[in-house]
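Below is one structure; the comments refer to it alone.
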């Protein structure tokens, strides 16, 4: 189902979490569970992957996992601030030691001048470390954008745990 490159990234993220003796949680919007699915496609993931949250409707993205409604209103549901809040909320609402969140506009609709279709924000939160947030603008169709976001999320988990 997933490319070998994505499976390798998932294995690296799982290995980093195992080495850090933590579990992984996800909070996904535009990827709708693909990060979780990729992680759990790796044998042995059940020892490391704890849970995944899918917040797809705008109202869920905007206020899910404890994100304050005024943050979403001020910055938009697809923003660094909301994505950071989702990652930190997934961490706080789980027993995981690291959490990754993804928001974005996979297309073909949505987006804006500031955040065109293909824009994805990815955040990784871990106990005792500052939350990392990245903004990407991925080319391609809806599936291409979503799979590129999966790869970036897996990379950011490993980076946050390094």
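All of (1) surrounded by 16 or more Cβ atoms within 10 Å (Cβ to Cβ); (2) at pLDDT 95 or above hold for residue 71 with one exception: (2).
Does residue 145 fit the bill of being in a helix (DSSP H, G or I), in contact (Cβ under 8 Å) with a residue 60 or more places away in the chain, over 20 Å from residue 40 (Cα atoms) and within 15 Å of the chain's Cα centre (by Cα)? Yes, satisfied. Taking segment 74-94 as the range and being outside any helix (DSSP H, G or I) and out of contact with any strand residue (DSSP E or B) (no Cβ under 6 Å at 6 or more places or on another chain) as the test, the residues that pass are 76, 77, 79, 93.
Selection of segment 133-142 for residues being without any contact (Cβ under 8 Å) to a residue 40 or more places away in the chain and in contact with a strand residue (DSSP E or B) (Cβ under 7 Å, 6 or more places away or on another chain) yields 134, 136, 137, 138. Going through (1) modelled with pLDDT of 95 or more; (2) more than 12 Å from residue 30 (Cα to Cα); (3) surrounded by fewer than 18 Cβ atoms within 10 Å (Cβ to Cβ) one by one, residue 162 falls short only on (1).
What residue, of 161, 154, is under 19 Å from residue 52 (Cα atoms), in contact (Cβ under 8 Å) with a residue 40 or more places away in the chain and out of contact with any strand residue (DSSP E or B) (no Cβ under 7 Å at 6 or more places or on another chain)? None of the other options fit; the residue is 154.
If you go through segment 21-55 and keep only what is in a helix (DSSP H, G or I) and either modelled with pLDDT under 95 or surrounded by fewer than 16 Cβ atoms within 10 Å (Cβ to Cβ) (or both), you end up with 46, 47. Considering segment 109-132, the residues that are without any contact (Cβ under 8 Å) to a residue 24 or more places away in the chain and under 30 Å from residue 20 (Cβ atoms) include one that is surrounded by the fewest Cβ atoms within 10 Å (Cβ to Cβ), namely 128.
The values are calculated or read from the model by the stated rules, or taken from the named source; none is laboratory data. These numbers come from a predicted model, not from an experiment. Cβ coordinates were reconstructed from backbone atoms using ideal geometry, including for glycine residues, and neighbour counts include every protein chain displayed.
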